[in-house]
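Working notes, structure below.
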Amino acid sequence: MNLSNEQLKQFEDEGYIFLPEVFSKIEAELLKKESEKVYSLKRKEVVRELSGVARTAFAAHTYNEAFKRLGAHPRLLNPVKEILGGDVYMHQFKVNAKAAFDGDVWQWHQDFGVWHRDDQMPEPRAMNISVFLDDVTAANGPLLFIPGSHKLGVVEAGHDTETTSYPLWTLSREKVTELANRGGCVAPTGPAGSMLLFSSLLVHASPPNISPFGRSIVYLSLCHVENHIRAFKREEWIAHRNFEPINALDDNCLTDLINKNLTAAE
Ligand code: SIN
Ligand code: MN
């Protein structure tokens, strides 16, 4: 998939691109089913909310076949390689549950702010690409972006180790207010299978999910191979150490898995 000039311009100006229904209903359903299996695992990589429900499953591409395939899917890799200008490796992979009723807030932050401070990633030559596994609506805790905030470089932040079950470098309310007064605040929503590409410098957050509908989203954080992290302070399943370029699989790698499973079940 090639991005259009209009899409590239939107990425440059606003820091994100929304691509509706890149994955089919069947592909999204497969991933959703696999996410439920992953959330039920008692593994260190599955971080839970204070209430006990799954919050985020790190590195699921290393212990689940469907997510392994998604991590090398050409519909994700190609646009990212186009924007970052070359081969990429997986810095982080997570499946975020934002569970019905219990899915907790992600405070305002920039991902590169975290990767730079915690992992010594040299440059913001890295970005996120996410795939919606549920319909994401205004009601179930969508991502919130401040358009244009990626142009400001790394913004001052404090280390929040208290408000949620996962530590993050977060921005002050004063800073967020100042940025949003300038850029506004948007919540890209859409059906399962849709995709969001966003700059690692884009200021973002998400509210708690009080609705009865879950909101699972997979995030691949991809980094240019030359820009790999220099510090290994965090667990390797949070900040990966394999800096080899990812080779894209075939476009039908997920439907192949569905067909294989159907045959095995016969
Ligand atoms: C993130 O910012 O990394 C995750 C936010 C979310 O899943 O809502
Ligand atoms: Mn983030």
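The values are calculated or read from the model by the stated rules, or taken from the named source; none is laboratory data. Note that the coordinates shown come from a computational prediction; the quantities given were computed from them, not determined experimentally. For neighbour counting, all protein chains shown are included, and Cβ atoms are generated from backbone atoms with ideal geometry for every residue, glycine included. Side chains are part of the model used for accessible areas, which takes the heavy atoms of the whole protein and leaves out ligands, DNA and RNA. Shrake-Rupley method; radii C 1.70, N 1.55, O 1.52, S 1.80 Å.
Filter the stretch 98-127 for residues that are open to solvent by less than 10 Å² (accessible area, probe 1.4 Å), within 11 Å of ligand 1 (Cβ to nearest atom) and either touching a helix residue (DSSP H, G or I) at 6+ places or on another chain (Cβ under 6 Å) or basic (Lys, Arg) (or both) and give the result. Scanning the stretch 98-127 gives a single hit, Lys98.
Among residues of the stretch 14-38 that are more than 20 Å from Asn2 (Cβ to Cβ) and open to solvent by less than 70 Å² (accessible area, probe 1.4 Å), those with a beta-carbon under 6 Å from a residue that is of a type outside the set (Asp, Glu) and at pLDDT below 95 at least six positions away or on a different chain give the pairs Leu30/Ile258.
Looking at Phe132, Phe145, Phe112 in this structure, which one is modelled with pLDDT of 95 or more, within 14 Å of the chain's Cα centre (by Cα) and more than 12 Å from ligand 2 (Cβ to nearest atom)?
When all the criteria are applied, what remains is Phe132.
Within the stretch 164-218, being in a strand (DSSP E or B), over 16 Å from Phe145 (Cα atoms) and open to solvent by 20 Å² or more (accessible area, probe 1.4 Å) holds for one residue alone: Trp169.
Selection of the stretch 154-163 for residues being open to solvent by 80 Å² or more (accessible area, probe 1.4 Å) and under 19 Å from Phe112 (Cα atoms) yields Glu156, His159, Thr161. Looking at the stretch 247-264, is at least one residue open to solvent by less than 10 Å² (accessible area, probe 1.4 Å), within 16 Å of ligand 2 (Cβ to nearest atom) and in contact with a helix residue (DSSP H, G or I) (Cβ under 8 Å, 6 or more places away or on another chain)? No, there is no match, as no residue in the stretch 247-264 is open to solvent by less than 10 Å² (accessible area, probe 1.4 Å), within 16 Å of ligand 2 (Cβ to nearest atom) and in contact with a helix residue (DSSP H, G or I) (Cβ under 8 Å, 6 or more places away or on another chain). For the stretch 39-60, does any single residue satisfy the condition of being assigned to a helix (DSSP H, G or I) and either more than 30 Å from His150 (Cα to Cα) or in contact with a His (Cβ under 6 Å, 6 or more places away or on another chain) (or both)? Within the stretch 39-60, one or more residues are assigned to a helix (DSSP H, G or I) and either more than 30 Å from His150 (Cα to Cα) or in contact with a His (Cβ under 6 Å, 6 or more places away or on another chain) (or both). State whether the residues of the stretch 177-184 include one that is within 16 Å of ligand 2 (Cβ to nearest atom), among the hydrophobic types (A, V, I, L, M, F, W, C) and over 23 Å from Leu31 (Cα atoms). The answer is yes, given that some residue of the stretch 177-184 is within 16 Å of ligand 2 (Cβ to nearest atom), among the hydrophobic types (A, V, I, L, M, F, W, C) and over 23 Å from Leu31 (Cα atoms).
Every condition in (1) under 19 Å from Val22 (Cβ atoms); (2) in contact with a helix residue (DSSP H, G or I) (Cβ under 8 Å, 6 or more places away or on another chain); (3) within 16 Å of ligand 2 (Cβ to nearest atom); (4) not polar (S, T, N, Q) holds for His91 except the one numbered (1).
Considering (1) in a loop (DSSP other than H, G, I, E, B); (2) surrounded by fewer than 17 Cβ atoms within 10 Å (Cβ to Cβ); (3) modelled with pLDDT of 95 or more, the lone condition that Glu226 does not fulfil carries the number (1).
When Thr177 is tested against (1) in contact with a strand residue (DSSP E or B) (Cβ under 8 Å, 6 or more places away or on another chain); (2) farther than 17 Å from Met127 by Cα; (3) of a type in the set (S, T, N, Q), just one condition goes unmet, and that condition is (1). Restricting attention to the stretch 134-153, the residues that are of a type outside the set (Val, Ile, Thr), in contact with a helix residue (DSSP H, G or I) (Cβ under 7 Å, 6 or more places away or on another chain) and open to solvent by less than 10 Å² (accessible area, probe 1.4 Å) add up to 1.
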